[in-house]
Structure formats: structure tokens, C-alpha cells
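To keep things clear, I will list the structure first and then write my remarks on it.
Every number in this text was worked out from the coordinates using simple rules, so none of it is lab data. All values reported here derive from a predicted model rather than from experimental measurement. Every residue, glycine as well, gets a Cβ built from its backbone with ideal geometry; the counts of neighbours run over all protein chains shown.
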């Protein structure tokens, strides 16, 4: 079972919408800070996923688009 602390309120969890966005921004920033460890060859899928995560955190992408990324 997924930890309810990381699930949005409208899905039965404890996170308010703004907290959910804040969590994705934090996770995305952490991932971006580790990218130099991968060297010069960074998989485009990772870059795309981080871009979509940033856009979802701003409310400009849907959940479906974020999941596909």
C-alpha cells in the first residue's frame, strides 16, 4: 500500500494540492542536482521527464502527461 503522506487529498491522502506541487518541485530539483554525476551523456527521456515534472508543478501539464513522461 502506498504511503498516504505522499498522496493528494482528492485521492484519499494527506497532501493538499499545493503540497503535492511542492513535493514534485523538490523531487525534480534533487534529480537535476544529480545530473552532473551522469556525465555528458544524459538520456533524453530523463530530461523530458524533468521538464514535464516542472511544468506539472506549475500546473501547465496534466497528470496523464506527467505519467507518460
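Tabulated data for the structure shown
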read-out: Count of residues meeting criterion [over 22 Å from residue 2 (Cβ atoms), surrounded by 12 or more Cβ atoms within 10 Å (Cβ to Cβ) and under 14 Å from the mean Cα position of the chain (by Cα)] in segment 14-47; value: 4
read-out: Residues located in segment 30-47, provided they are assigned to a helix (DSSP H, G or I) and closer than 18 Å to residue 66 by Cβ; value: 30, 31, 32, 44, 45, 46, 47
read-out: Out of 25, 5, 67, sole residue that is outside any loop (DSSP other than H, G, I, E, B), out of contact with any strand residue (DSSP E or B) (no Cβ under 6 Å at 6 or more places or on another chain) and in contact (Cβ under 8 Å) with a residue 24 or more places away in the chain; value: 25
read-out: Tally, over segment 48-64, of residues that are more than 12 Å from the chain's Cα centre (by Cα), assigned to a helix (DSSP H, G or I) and surrounded by 10 or more Cβ atoms within 10 Å (Cβ to Cβ); value: 0
